[in-house]
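Visitor: Provided herewith is a single structure, encoded as structure tokens, for subsequent inquiry.
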Amino acid sequence: WNGYKKFAWGNDDLKPLSKTHHNWYSEPLLMSPVDGLDTMYIMGLTKEADTTRKYIKRTLNFDKDLSVQKFEIVIRLLGGLLSSYQITGDKELLKLADDLGTRLLPAFESPTGLPYKHVNLRTGKVSTPISNPAETGTLLIEFGTLSKLTGKPIFYEKAKRALVETYKRRSPIGLVGTRINVETGEWTNTDSHVSAEIDSYYEYLYKCWVLFGDKECKAMWDESIAAIHKYLADDLNGELWYGHADMATGQRTRTTWGALDAFFPAVLALSGDLDRAKRLQDSSFKMWQIHGIEPEVYNYRSGKVEHAGYPLRPEIIESTYYLYRLTNDSKYLAMGEHLWRDFVKYCRTEDGYAHLKSVVTKEKSDAMQSFVLAETFKYFYLLFAPEKTLDPKKVVFNTEAHPIRKTWK
Ligand code: DMJ
């Protein structure tokens, strides 16, 4: 955080090697401060957080002629504003969230109700009709919470419809694909898995049931998870992995697992399936240990790394945290310590943490995304913090680790 303050203040992200900054668009949207704010409060860094909150209120303005990627803006900024509002009671944060949510609403104006990938914050102009389940189905925690907190039902309705429209297009055997055209509702890539571009769609089916008590979400989760176990699970010499299959036939297409997939034990554990969660977490940890840091994509059949990058992802730590809290087994504390020591050893720089170009060579690259502040450090911290710091039974974390409390009836 101090590295960001020193070299990137007022911009989106720190570039930890060149000690400069990176912005997602032509003007900054304060990604790191908004994403990292609730982490500071949770860690008890109240003074630092209050100063940052005041800066955000003074500076952040969404009336900008920028075509933004709705999903990323929702999980990082909308989620961050809502959780920090709930922590501080600062109504201006809710006002900012309301303004942002309203500016994103035109994205849902497609013939199917599935949202476009990009929307202009000022004009509402939409673009990029080819989307994916993660981007069409990872909106309801944030938009639903916005409805509950503002009393405006439209946000819940639009995001819920997008989730249901995604689910409705599952194949007869219950799987969704990787890419979908939001104008026609046709799949343009039929690869099915729990990895990038689908992952948090499944996460939100379950979590929206927990947060809102929405029975339809629970029913969609129940049917989906059965298909996932049936067609994606691989039992390999006693190890549990989840691979890729064609959504129409269920036939295995790839036997890969990776850093993003490593969120899945957390959701399994949360849903009560501790047996599978534990076995799958052992597989993720095995993948991590091969090179002392996990790769983006690993082939569990051939044992080869298929994509060697590591952009400081939090998912394996998130699952370690859930498993520790839900089992009380100190094995997960030891696992977390192992992950932490490797993480510091290979990714630390003078003023921050850097992505790895390759977990094999450990060569670094000049980036530190805001989710490092929002998620990676938060889950590491919460794993070792006293349980009362944040009762995991009283919050639902959005996919960017912003904790949302059900403060409504
Ligand atoms: C985060 O922005 C979120 O966790 C998202 O669901 C997936 N990718 C990153 C972290 O890896």
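Visitor: Please report how far the C-alpha centroid of the stretch 94-145 lies from that of the stretch 174-192, rounded to the nearest whole angstrom.
Guide: 18 Å
Visitor: Given all pairs of different Cα atoms, what value in angstroms does the Kirkwood hydrodynamic radius of the chain take?
Guide: On the way: mean 1/r = 0.0468 Å⁻¹.
Final number for the Kirkwood radius of the chain is 21.4 Å.
Visitor: With Cβ to Cβ distances under 13 Å as the rule, what net charge do the other residues near Leu373 carry (K, R +1; D, E -1)? Don't skip to the end; give the middle numbers.
Guide: Details: positive: Lys5, Arg76, Lys378; negative: Asp12, Asp13, Asp35, Asp38, Glu48, Glu375, Glu400.
Around Leu373, the surrounding residues sum to -4.
Visitor: If the chain between Lys47 and Ala385 were fully stretched, how many nm would it gain, using 0.36 nm times the residue separation less the Cα-Cα distance? Present the calculation step by step, with values, prior to reporting the outcome.
Guide: Details: separation 338, 0.36 × 338 = 121.68 nm, distance 1.95 nm.
Result: 119.7 nm gained on full extension.
Visitor: Here's a follow-up. If you average the sequence gap of Cα pairs under 8 Å that are 6 or more apart and divide by the length of the chain, what percent do you get for the contact order? Walk me through the intermediate numbers first.
Guide: Working: 796 pairs, mean separation 64.8, N = 409.
Once normalised by length, the contact order is 16 percent.
Visitor: Give me Rg over Rh for the stretch 1-110, both radii from the alpha carbons and Rh done the Kirkwood way, two decimal places.
Guide: Values: Rg = 13.9 Å, Rh = 14.4 Å.
A ratio of 0.97.
Visitor: Rounded, prolate or oblate for the stretch 196-341? Axes are the square roots of the Cα gyration tensor eigenvalues, ordered a ≥ b ≥ c, and the cut-off for rounded is a/c under 1.5. If you can, show how the numbers build up before the last one.
Guide: Numbers: a/c = 1.76, a/b = 1.15, b/c = 1.53.
Oblate, because a/c is 1.5 or more while a/b does not exceed b/c.
Visitor: Excluding residues on the same chain fewer than 8 positions from Lys364, give the lysines whose Cα lies under 25 Å from its Cα.
Guide: Hits, sequence-local ones excluded: Lys5, Lys6, Lys15, Lys19, Lys286, Lys304, Lys345, Lys378.
Visitor: Hey, with R₀ at 22 Å, roughly what FRET efficiency would Ser26 and Thr102 work out to, going by the Cβ-Cβ distance, to 0.05?
Guide: On the way: r = 22 Å, r/R0 = 1.00.
It comes to 0.50.
Visitor: Round to the nearest 0.05 the FRET efficiency obtained for Glu223 and Thr407 when R0 = 30 Å and r is the Cβ-Cβ distance. Working shown, then result.
Guide: Working: r = 30 Å, r/R0 = 1.01.
Once rounded, the FRET efficiency stands at 0.50.
Visitor: Between Tyr353, Tyr332, Tyr55, which gets the highest mean-square fluctuation from a Gaussian network model of the chain, Cα cutoff 10 Å?
Guide: Looking only at Tyr353, Tyr332, Tyr55, the biggest GNM fluctuation is shown by Tyr55.
Visitor: Run down the lysines and flag those whose C-alpha is under 28 Å from the C-alpha of Lys125, throwing out any fewer than 8 positions away in its chain.
Guide: The reachable lysines, counting only those whose Cα sits under 28 Å from Lys125, are Lys57, Lys64, Lys70, Lys95, Lys117, Lys148, Lys152, Lys158, Lys160, Lys168.
Visitor: Tell me, in nm to one decimal, what length is gained between Glu337 and Asn61 on full extension, where the rule is 0.36 nm per residue of separation less the Cα-Cα distance? Before the final figure, lay out each step's value.
Guide: Details: separation 276, 0.36 × 276 = 99.36 nm, distance 3.97 nm.
Extending this stretch completely gives an extra 95.4 nm.
Visitor: Pick from Ala134, Ala385, Ala245: which residue has the top mean-square fluctuation in a GNM of the chain where Cα pairs under 10 Å get a spring?
Guide: Ala385
Visitor: Cut-off 10 angstrom, C-alpha nodes, Gaussian network model of the chain. Which of Ser370, Ser67, Ser319 fluctuates the most?
Guide: Residue with maximal mean-square fluctuation among Ser370, Ser67, Ser319: Ser67.
Visitor: Could you line up Phe384, Phe343 from fewest to most neighbouring Cβ atoms inside 10 Å? Don't skip to the answer; put the middle values down first.
Guide: Working: Phe384 13, Phe343 21.
The most exposed by this proxy come first: Phe384, Phe343.
Visitor: Another one. Would you kindly state how much longer the chain becomes between Gln289 and Arg122 on full extension, computed as 0.36 nm times their sequence separation minus their alpha carbon distance, in nm to one decimal? Don't skip to the answer; put the middle values down first.
Guide: Values: separation 167, 0.36 × 167 = 60.12 nm, distance 4.65 nm.
Gain on stretching Gln289 to Arg122: 55.5 nm.
No value in this document is a laboratory result; all are computed from the given coordinates. Bear in mind the structure is a predicted one, so any value in this text is a computation, not a measurement. A quick note on method: Cβ atoms are made from the backbone with ideal geometry, for glycine too, and the neighbour counts reach across all protein chains shown.
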